[in-house]
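Chemist: I have a structure I would like to understand better, so I am pasting it below and will then ask my questions one at a time.
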Amino acid sequence: MKHLIAIDSDGTLRHSDGLISKKTKNVVKKLIDQGNIVTVCTARPRYHTLKVSIELGVNDYLISSNGTEIYDNINKKIIWASYIDSIDCEKLYNYATSNNIRIMFVLENTEYVTEFTRNDNQILLTDDNISDVLNGNVKQVMVIGKEKDKIKEFQTKVENEYHMNVLDSSNDLEEEIWFSIVSNESSKGAALIKLCEYLQIPIENTIAFGNDKNDISMFKVASKSVAVSNASSVALNNAKEITKSNDNDGVAIYLEKYFKL
């Protein structure tokens, strides 16, 4: 029986320099040749998830934006997605712009972001085009900034006053800190279950790899949950197994041993 293997990207699959090792690519190719399904499951938007997936050689199915979308890249269609209410998006935009906080809204395959853009998939968001966001399907909202107290205050407001789902947030030690908002129905674990149903693979035949708190929902539903040794303490405590670090090809080493490749 084939397996569905879901792998987080940053800090899990990729080395600290952003590269995927030749060893990992070779192990994954062997698994694909055996009929297994491997999917990259990340907080990143679809366009970035697709780039990583192509590099790994597994771009059939993509789980992106913290599990808010599953994309069938073979048939070029969304399998499942969950969106944030437009009223909530308007609240977030108004607060962020009133307080000079950079905010990003992730739609189909485009990010609308205030203050400045960083790549061709991003559009500068202003009062002139906010209607494009509010009339669209927003999968994830990211709040980002260097003024840590201001970002933390916003996060507290989002959680305690707006009662929105803050799925993920950064380490306070980073120069820029951030937090991620998704719908209450969204998580990597929920997406893993949906993809299993779509592919008719029993949940007993799933393996999930991760390194941080947004991977815990996958750990809770997957038959095998594996944290890389460089993972956060909360991820390590919630995984059933631990493998070597991302920089030491922990994912490849575990899969090689488990499938006897």
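Chemist: Please list, in order, the residues from segment 85-115 whose amide nitrogen is less than 13 Å from a point placed 7 Å along the Cα→Cβ vector of Lys157.
Modeler: 90-103
Chemist: Given H placed 1.01 Å from N in the peptide plane, which residues other than close sequence neighbours of Asp168 have an amide H under 5 Å from its amide H?
Modeler: Ser180
Chemist: Along the three principal axes, how long is segment 121-188 when you take its alpha carbons, biggest first, rounded to the nearest angstrom?
Modeler: 34, 27, 24
Chemist: Turning to a different aspect of this structure: What number, rounded to the nearest 500 deg cm²/dmol, is the helix-based mean residue ellipticity at 222 nm of the chain, given -39500 (n - 2.57) per DSSP H run of at least four residues and division by all its residues?
Modeler: -9500 deg cm²/dmol
Chemist: Run the quick spin-label model on Asp85 and Asp149: label points 7 Å from Cα toward the beta carbon, then report their separation in nm to one decimal.
Modeler: It works out to 3.3 nm between the two label points.
Chemist: How much FRET efficiency would the formula 1/(1 + (r/R0)^6) give for Arg118 and Asn248, where r is the Cβ-Cβ distance and R0 is 35 Å, rounded to 0.05? List each step's numbers first, then the result.
Modeler: Details: r = 30 Å, r/R0 = 0.86.
E between Arg118 and Asn248, to the nearest 0.05, is 0.70.
Chemist: Let me ask another. HN-Hα J couplings of segment 139-144 from phi, Karplus 6.51/-1.76/1.60, θ = phi - 60°, integer Hz, Gly and Pro as x?
Modeler: 8, 8, 10, 10, 10, 9
Chemist: Residue by residue, what Karplus-based ³J(HN,Hα) values in Hz, rounded to whole numbers, does segment 73-90 have, using 6.51, -1.76 and 1.60 with θ = phi - 60° and x for Gly and Pro?
Modeler: Along segment 73-90, the couplings run 7, 6, 9, 6, 8, 7, 7, 7, 7, 9, 10, 8, 4, 5, 5, 5, 4, 5 Hz.
Chemist: Can you give me the three principal axis dimensions of the chain from its C-alpha atoms, in Å, biggest first?
Modeler: 57, 39, 31
Chemist: Measuring from centroid to centroid over Cα atoms, what is the spacing of segment 224-261 and segment 6-78 in Å?
Modeler: Value for the Cα centre distance between the two parts: 16 Å.
Chemist: How long, wide and thick is segment 1-151, going by the Cα atoms along their three principal axes, in whole angstroms, largest first?
Modeler: Ordered largest first, segment 1-151 gives principal extents of 53, 32, 25 Å.
Chemist: With a 1.4 Å probe and all protein chains kept in place, how much accessible area does Ser98 have, in Å² rounded to the nearest 10?
Modeler: In the full protein context, Ser98 sits at about 90 Å².
Chemist: Between 0 and 90 degrees, rounded to the nearest ten: what's the tilt of helix 188-199 against the longest Cα principal axis of the chain?
Modeler: Rounded to the nearest ten degrees, it is 60.
Chemist: OK, next. With no solvent and one equal point scatterer per Cα, compute the Debye intensity ratio I(q)/I(0) for segment 25-69 at 0.21 Å⁻¹ and report its log10, rounded to two decimals.
Modeler: Evaluating at q = 0.21 Å⁻¹ gives log10 I(q)/I(0) of -0.62.
Chemist: From the phi of every residue in segment 11-19, what ³J(HN,Hα) in whole Hz does the Karplus formula 6.51 cos²θ - 1.76 cosθ + 1.60 yield, where θ is phi - 60° and glycine or proline is x?
Modeler: x, 10, 6, 8, 5, 4, 8, x, 9
Chemist: Still on this structure: Among the listed pairs Lys29/Lys220; Lys152/Lys220; Lys22/Lys51; Lys2/Lys139, give every one whose C-alpha distance is greater than 23 Å. Before the final figure, lay out the partial values.
Modeler: Values: Lys29/Lys220 27 Å; Lys152/Lys220 28 Å; Lys22/Lys51 16 Å; Lys2/Lys139 30 Å.
Beyond 23 Å between Cα atoms: Lys29/Lys220; Lys152/Lys220; Lys2/Lys139.
Chemist: For His163, what accessible surface area do you get with a 1.4 Å probe? Give it in Å², rounded to 10.
Modeler: 130 Å²
Chemist: Which angle from 0 to 90°, rounded to the nearest 10, does the C-alpha axis of helix 46-56 make with the longest principal axis of the chain?
Modeler: Rounded to the nearest ten degrees, it is 20.
Chemist: So what is Rg over Rh here for segment 190-261, counting just Cα atoms and using Kirkwood for Rh?
Modeler: Rounded to two decimals, Rg/Rh equals 0.98.
Chemist: Moving to a separate point now. Starting from the amide H of Thr39, placed 1.01 Å from N in the peptide plane, find each other amide H under 5 Å away whose residue is 5 or more places distant or on another chain.
Modeler: Long-range HN contacts for Thr39: Ile5, Ala6, Ile7.
Chemist: Additional query: Rounded to whole Å, give me the distance from the Cα center of segment 110-139 to that of segment 86-109.
Modeler: Measuring centre to centre over Cα atoms gives 9 Å.
Chemist: Mind pulling the per residue volume of the convex hull built on the Cα atoms of segment 39-98? Å³ is fine.
Modeler: 85 Å³
The values are calculated or read from the model by the stated rules, or taken from the named source; none is laboratory data. Predicted model, so just to flag it, every value in this text is computed and none were measured. Glycine gets a Cβ as well: all are built from the backbone with ideal geometry, and neighbour counts include every protein chain shown. Only protein heavy atoms, including side chains, enter the accessible area calculation; ligands, DNA and RNA are left aside. Shrake-Rupley method; radii C 1.70, N 1.55, O 1.52, S 1.80 Å.
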